[in-house]
Each structure stands twice: as structure tokens, then as C-alpha cells.
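Contents: one structure, followed by commentary.
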């Protein structure tokens, strides 16, 4: 594993099951992409996991955090896939990823009504109206899992600066929808 590899997860918690239902009903996803409820990223060596989550009960942390990969892996309640970075991700890009991850650690997790609203707006098919609603109703004091990974990839210039990180539920990280195929391989199940 390398810094910046993307971890795609299918959890079995109450929130995860709601996200999976959303993927199928609102986003129209099918197959394994529809099963994704969480996105994380491999942190710097020694291998860690960078993620934004409501609460990791096993370590007592919530929000944006970095934890030991092995502990995270054995405590994650569900399936995990990895999208490994290709050679197009340079050492300089990986260094930028680490820098941004460290900047984000400690940020609160966006949950409750603002989090649900952002997720719902991601599937809204009228972009201009979705953007207007988000501007007035979504908070900026928290960050969800897809948003955290998106911010890291924007900082490393893998995603465009104009990329809307708060509009991409976990299911979109499976396929080429985000334009990541230049930098990442296909998902491979590791748990």
C-alpha cells in the first residue's frame, strides 16, 4: 500500500445501510458500487488510515483522524476494497497528500441534518438548484468521508480545484465517474 491509495468500504451500521439504500434509490447505482457506504485513504508510513467518520468506537475517536491500518482493518465492520495509486502519482503528489491529511486531522464530522442534506443534494438532478440550496442550508464546520478524501486529492492536484468535494457520495469513488482512472487502478477486495 502507498500513501493516497483509496479505501472503499461497505459497512453494516445503521448509517451505512441508509447510505447504501440512498446509492440504489437516489443515485441509481447497481452492483458493488451501490454497496459502498464509506471512503477512506491510506495515510503516511507506517501505514495508517485517514478518514472522516462519526465515531470509531474501538479507538474512541470521531471526526477526521488517522489510525493504524491493522487496527482499523480488523475493527472495520464490513467489506473493504482498495484502489491502488498508479505511477502517475508522483512522490511530490504523495507529500502534498500527507500535508493536507495532517491539516484536516481533528476537523469535526458533518452529520445530522447538514450531512443528510449534503448527501441528498448529491443525487439532485438539477445542479443549479442543488447548489443554491447547499449554499444556504449546508454548514461548513464539518466534513464527511468523501469530502475529506476529495480535499486531499484536490490539494495534490489529482482532482481539479473546482471539484465539488461535498457532492460525491462514496458510491461514485468506485467507477471512473470522478476521473480517477488516470491515477488509480480498479478496486480490489482486501476484506
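Please treat every number below as a calculation from the coordinates, not as lab data. Keep in mind the model is a prediction, meaning the values are calculated, not measured. Note: ideal-geometry Cβ built from the backbone for every residue, glycine included; neighbour counts use all protein chains shown.
With 0.36 nm allotted per residue and the present C-alpha distance subtracted, the residue 1-residue 73 stretch has 24.6 nm of extension available. For segment 1-91, the normalised intensity computed at q = 0.13 Å⁻¹ comes to -0.46 (log10 of I(q)/I(0), Debye sum over alpha carbons, equal scatterers, no solvent). Please give the length that would be gained between residue 14 and residue 61 if that part of the chain were fully extended, namely 0.36 nm times their separation in residues minus their C-alpha to C-alpha distance (nm, one decimal). Using 0.36 nm per residue and subtracting the Cα-Cα distance, I get 15.1 nm.
Taking only alpha carbon atoms, segment 1-42 gives an Rg to Rh ratio of 1.05, where Rh is the Kirkwood radius. As a calculated quantity, the FRET efficiency between residue 157 and residue 84 at R0 = 22 Å, using C-beta atoms, amounts to about 0.70. One decimal place: the segment residue 99-residue 47 gains 17.2 nm when fully extended, by the rule 0.36 nm per residue minus the C-alpha distance.
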